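The values are calculated or read from the model by the stated rules, or taken from the named source; none is laboratory data. Bear in mind that the values here come from a model prediction, so they are computed numbers and not experimental data. With ideal geometry, Cβ positions are generated from the backbone for all residues, glycine too; neighbour counts draw on all protein chains shown. SASA here: full protein model, heavy atoms, side chains in, ligands and nucleic acids out. Shrake-Rupley method; radii C 1.70, N 1.55, O 1.52, S 1.80 Å.
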Amino acid sequence: MSMVMNMDFDEILSAAEYDFLRDDERLGDNVILLGLGGSLAYGTNNENSDIDIRGCAVNSRREILLGRDFEQVSETATDTVVYSFKKLVQLLANCNPNTIELLGLNPDQYIKVTSIGRELLNNTGLFLSQRAAKSFGGYADRQLHMLLNGSDSSMGIRNRRAIQHNKLGKHSMHLVRLMYMCFDILEKGVVKTCREAEHGLLMDIRSGKYLTDGDKPTPEFFELVEDLRKRLEYAAANTSLPPEPDMKKIEDFVISVNARVVCGEVAL
């Protein structure tokens with residue numbers, strides 16, 4: 001299902017194209033967490049999948065004391081995004097799907113976890129609330145919109161059909177994947193990024209099994225989505241998660257981390 005077991009992260013990151021992780025003053029030793037993103041994180045990768053990396057770096061002593069933030073460092077060439085601790089916490093508190101998935105990887109999908117990074121993972125529960133229903137539902141709706149509106153005018157005529165088919169299959173898959181991730185959060189209070197249980201279904205969707213010859217969603221796909229929507233509504237109405245995250249506890253965690261960074265009392 002996954003290529004992760006065959007990946008040598010040290011060798012991959014030693015390549016010159018990842019020098020920015022070491023040389024950028026905002027990153028380097030400030031990086032507390034690095035993990036896989038994209039299809040390798042979800043377990044839906046194939047032979048054409050790229051390596052996406054997501055991570056977090058604590059703010060520097062200077063940034064903390066001056067109230068500044070760099071928000072994120074994005075490197076398009078390597079599909080890498082490293083969020084600042086300050087920005088990541090804000091996104092996690094809203095159950096942002098693109099960032100909360102970093103807290104739910106399998107152990108072998110993490111590339112770097114420092115002591116503070118481990119604290120962040122151990123405090124995943126701080127960020128789980130009923131906000132997940134709205135955030136994940138909203139992302140799923142956008143995937144459905146892209147799916148229903150099909151073609152991309154920026155594509156060239158050559159290979160348009162194959163490219164569009166692949167894009168629509170991926171949009172369809174991500175819609176369903178997001179719903180299942182949300183179920184785990186609302187029903188079990190856990191973040192599970194790699195979708196082993198739904199792997200067969202997700203790969204069928206990605207391959208276009210639920211698209212017609214005209215690249216339209218099949219009736220079976222709409223039936224599946226409707227069933228998932230009903231389950232999401234029920235899960236949102238019956239979850240034991242609080243309506244909102246406990247911001248005081250989140251702030252206390254942030255204060256603890258930032259105080260140690262400022263005082264130099266902890267190895268990152």
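Couple of notes before you dig in:
- Hits in segment 192-215 (condition: over 20 Å from LEU102 (Cα atoms), in a helix (DSSP H, G or I), open to solvent by 40 Å² or more (accessible area, probe 1.4 Å) and in contact with a Gly (Cβ under 7 Å, 6 or more places away or on another chain)): none
- Scan segment 45-77 for residues that are polar (S, T, N, Q), closer than 30 Å to GLY200 by Cβ and at pLDDT 95 or above and the total you get is 0.
- Filter pass, LEU120 being in contact (Cβ under 8 Å) with a residue 12 or more places away in the chain, under 26 Å from ASP8 (Cβ atoms), open to solvent by less than 10 Å² (accessible area, probe 1.4 Å) and not β-branched (Val, Ile, Thr): yes
- The residues in segment 194-209 that are acidic (Asp, Glu) and either within 16 Å of LEU147 (Cβ to Cβ) or touching a residue at least 24 places away in the same chain (Cβ under 8 Å) (or both) can be counted, and the count is 2.
- Number of the exception - LEU241 against (1) in a helix (DSSP H, G or I); (2) open to solvent by less than 70 Å² (accessible area, probe 1.4 Å): (1)
- Meets criteria (within 20 Å of ASP141 (Cβ to Cβ), assigned to a helix (DSSP H, G or I) and among the β-branched types (Val, Ile, Thr)) for ILE255: no
- The set of residues from segment 62-88 being surrounded by fewer than 14 Cβ atoms within 10 Å (Cβ to Cβ) and in a helix (DSSP H, G or I) comprises ARG62, LEU65, LEU66, THR76, ALA77.
- A search for C-beta distances below 8 Å between a residue of segment 65-90 that is polar (S, T, N, Q) and any residue that is open to solvent by less than 80 Å² (accessible area, probe 1.4 Å) and in a loop (DSSP other than H, G, I, E, B), counting only pairs 6+ apart in sequence or on different chains, returns THR78/ILE51; SER84/VAL58; SER84/ASN59; SER84/ASP69; SER84/PHE70.
- Selection count where residues are outside any helix (DSSP H, G or I) and either open to solvent by 50 Å² or more (accessible area, probe 1.4 Å) or of a type in the set (Asp, Glu) (or both), scope segment 89-112: 2
- Hits in segment 10-38 - residues which are surrounded by 11 or more Cβ atoms within 10 Å (Cβ to Cβ), over 14 Å from PHE70 (Cβ atoms) and of a type in the set (A, V, I, L, M, F, W, C): ILE12, LEU13, LEU21, ILE32, LEU33, LEU34, LEU36
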